[in-house]
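Engineer: My structure is below; once you've seen it, I'll send some questions.
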Amino acid sequence: MQLILIRHGRPERVDHDPGGADPGLTELGHRQAVAMAEYLRPEKIDALYMSPQQRAIETAAPLAEAFGHTANIVDGIAEFDLGHPSYIPGEETGPLTREELDRLTLLLTGTSFQTRVHQSIGKIIADHPGETVAAVCHGGVISSVLADLLGVDPMHYFDSHYTSITRIKASADGRKSLASFNECHWLREL
């Protein structure tokens, strides 16, 4: 089977929401999502999954329309920042203090995050032998999957662009290989 992991489009900034920041996409993020869906349109996608976070839901919408699929929500592919009171896109954060970097690293590499991501991705793979499946998720999720696949410490972050595509091939006997990482040439036009 082929698993296509798609990072969400450019999200809005949320400085503080006591109920948990869950930003949607910026106008640019919506254009990125449409361009990515157009790029994938010639392919056959058998099923579509998405994180429960708004930025992933809005990114998945053009794909659902292009392929006529209902996108299934998988809580386990939510980002490590789920429920946090703020969301500041990486390009807006500026330099992080040592404490901020340590906190983010702990969240990204924590056992609970790693376990839920790997279990959720494993279930998606197991449920679709021989098929091509797309999952709209987050940079931390993609990095976690790649670290596991490549056998490296999850502290080594694989930075993916907004709406980029990472392709994983998985066989019925559990073997996985990386087919591509960070496909995003359609972003040049935006």
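Engineer: Which condition number in (1) farther than 26 Å from Glu12 by Cα; (2) of a type outside the set (Gly, Ala, Ser); (3) touching a residue at least 12 places away in the same chain (Cβ under 8 Å) is the one that Thr115 fails?
Structural biologist: It is condition (3) that Thr115 fails.
Engineer: Which pairs have Cβ atoms under 7 Å, sit 6 or more apart or on different chains, and link a residue in segment 13-30 that is part of a strand (DSSP E or B) to one that is hydroxyl-bearing (Ser, Thr, Tyr) and at pLDDT 90 or above?
Structural biologist: Leu25/Thr59
Engineer: Let me ask you something else. Run Leu178 past the list (1) in contact (Cβ under 8 Å) with a residue 60 or more places away in the chain; (2) aliphatic (A, V, I, L, M); (3) part of a strand (DSSP E or B) and report the number of the one that doesn't hold.
Structural biologist: Among (1) in contact (Cβ under 8 Å) with a residue 60 or more places away in the chain; (2) aliphatic (A, V, I, L, M); (3) part of a strand (DSSP E or B), the lone unmet condition for Leu178 is (1).
Engineer: Only one residue in Val136, Val117 is within 19 Å of Ala37 (Cα to Cα), in contact with a helix residue (DSSP H, G or I) (Cβ under 6 Å, 6 or more places away or on another chain) and not small (Gly, Ala, Ser). Which one? Please lay out each step first, then the result.
Structural biologist: Values: Val117 fails: within 19 Å of Ala37 (Cα to Cα).
Answer to the check: Val136.
Engineer: What number of residues within segment 128-168 satisfy the criterion of being surrounded by 13 or more Cβ atoms within 10 Å (Cβ to Cβ), farther than 23 Å from Pro62 by Cα and in contact (Cβ under 8 Å) with a residue 40 or more places away in the chain?
Structural biologist: The qualifying residues number 3.
Engineer: Just one of (1) without any contact (Cβ under 8 Å) to a residue 40 or more places away in the chain; (2) surrounded by 17 or more Cβ atoms within 10 Å (Cβ to Cβ) trips up Pro52, so point out which.
Structural biologist: If we test Pro52 against (1) without any contact (Cβ under 8 Å) to a residue 40 or more places away in the chain; (2) surrounded by 17 or more Cβ atoms within 10 Å (Cβ to Cβ), just (2) comes out false.
Engineer: Also, I was wondering about something else. Identify, from the list Leu63, Leu40, Leu5, the residue that is in contact with a Cys (Cβ under 7 Å, 6 or more places away or on another chain) and under 22 Å from His128 (Cα atoms). Before you say what the answer is, go through the steps one by one.
Structural biologist: Working: Leu63 fails: in contact with a Cys (Cβ under 7 Å, 6 or more places away or on another chain); Leu40 fails: in contact with a Cys (Cβ under 7 Å, 6 or more places away or on another chain).
From the options Leu63, Leu40, Leu5, the qualifying one is Leu5.
The values are calculated or read from the model by the stated rules, or taken from the named source; none is laboratory data. Keep in mind that this is a model prediction, so the values were computed, not measured. Cβ: placed from backbone, ideal geometry, glycine included. Neighbour counts: every protein chain shown.
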